[in-house]
1. Hey, rough spin-label estimate for Asp56 and Gln141, points 7 angstrom out along Cα→Cβ, what's it come to in nanometres?
2. Which shape class applies to the chain: rounded if a/c is under 1.5, otherwise prolate when a/b exceeds b/c and oblate if not, where a ≥ b ≥ c are the square roots of the Cα gyration tensor eigenvalues?
3. Within the chain, what's the longest run with no chymotrypsin sites (Phe, Trp or Tyr not before Pro) in a DSSP loop and at most 16 other beta-carbon atoms within 10 Å? Give the range, please.
4. For the range 1-79 and the range 191-248, what is the separation of their Cα centres, given in Å?
5. What's the longest bit of the chain with no exposed GluC sites (Glu not before Pro), using DSSP loop states and at most 12 other Cβ atoms within 10 Å as the test?
6. Run through the range 209-280 and list the trypsin sites (Lys or Arg not before Pro) located in a DSSP loop whose Cβ has at most 16 other Cβ atoms within 10 Å.
7. Averaged per residue, what accessible surface does the chain expose to a 1.4 Å probe, in Å²?
8. Only helical DSSP H runs with n ≥ 4 go in: add -39500 (n - 2.57) per run for the chain, normalise by residue count and round the 222 nm mean residue ellipticity to 500 deg cm²/dmol.
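The values are calculated or read from the model by the stated rules, or taken from the named source; none is laboratory data. No experiment lies behind these values; they were computed from the predicted model shown. A quick note on method: Cβ atoms are made from the backbone with ideal geometry, for glycine too, and the neighbour counts reach across all protein chains shown. Surface areas here come from the heavy atoms of the whole protein model, side chains and all, with no ligands, DNA or RNA. Shrake-Rupley method; radii C 1.70, N 1.55, O 1.52, S 1.80 Å.
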Amino acid sequence: MSFEIMPIAGALGAEIRGIDVAGLDGEGMAEVRSALLRYGVICFRDQDLSPEGYLDFARQWGEVHLHPYLRGLDEFPEIIEIIREADDPTGFADHWHTDQIFTPRPANFTMLFARETPAAGGDTMFASLTGAYDRLSPGMQRMAARLRTCNSYDKKAPRSARMAARIADRETPTQEAVHPLVRLHPETGRPALYVSDERSTRRFDGMSEEESRPLLAWLMRHATRPELTCRIRWEPGTLGIWDNRSVLHSALNDYYGQRRVMHRITIRGEPVRGLAEQSH
């Protein structure tokens, strides 16, 4: 299959041109997967995907699964519709995180398909957790490999009324998921920091939030340094896919007065394996 890969930034990200993803299978799908593993996040422009076609494509990446707390579309529960109305000041996912770190088996991949976008604004930022680990000092790498994080989902974080209504059992506490701070990627074999901001990653295992916060805050500043980031500018028909095992993302809330509609699918992942487990 012939297509063009255009890197977006030095650290991560690529745009793939010359592909209709609805027709991808076999060798072409293997090449696209290889590009995602190399660049961390990829995007395709001018795609025409019905919900059925979108799900068919997603299933080639693995098992499509339901979000544990957020309900999807009534007719397609695997698809979460993220709507921001023009008069709504509240953002969604406008903080640095990796999807479903608060579950025992976090999502491998996330797909986001743009249905309606602002004339400007509403980009998504991405940051390389692999690059962040590589840029730690040897001493910090050794210490990080021994730490584990405690993560949970905040059902009561600020959201629009429409999105809040999609959360089931808002009063029921969520369970905590504990993961190694340094994650070994199961396909590339590369280590990466595995952490989100304070909305998801609460503390280190065996420590209080107060004790944990200074180091967690430093790690997030380190992981989101400008030279470790890229951004995707969305337009109708843009499809983005990213690897949650090696990439952080954050949606920019800078388009008040304009409407944005996105459809999200996540692919079921595996239990997180830490770098410290590599020799076992």
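1. According to this spin-label approximation, the distance is 4.5 nm.
2. On the way: a/c = 1.56, a/b = 1.20, b/c = 1.30.
Judged from the Cα gyration tensor, the chain comes out oblate (a/c at least 1.5, b/c at or above a/b).
3. 4-255
4. Computed from Cα coordinates, the inter-centre distance equals 21 Å.
5. 172-280
6. Values: sites: Arg221, Arg231, Arg233, Arg245, Arg259, Arg260, Arg264, Arg268, Arg273; in loops: Arg233, Arg245, Arg259, Arg268, Arg273.
Passing both the DSSP loop test and the Cβ count: Arg233, Arg259, Arg273.
7. On the way: 12340 Å² over 280 residues.
With all protein chains present, the chain gives 44 Å² per residue.
8. Per the formula, -5500 deg cm²/dmol.
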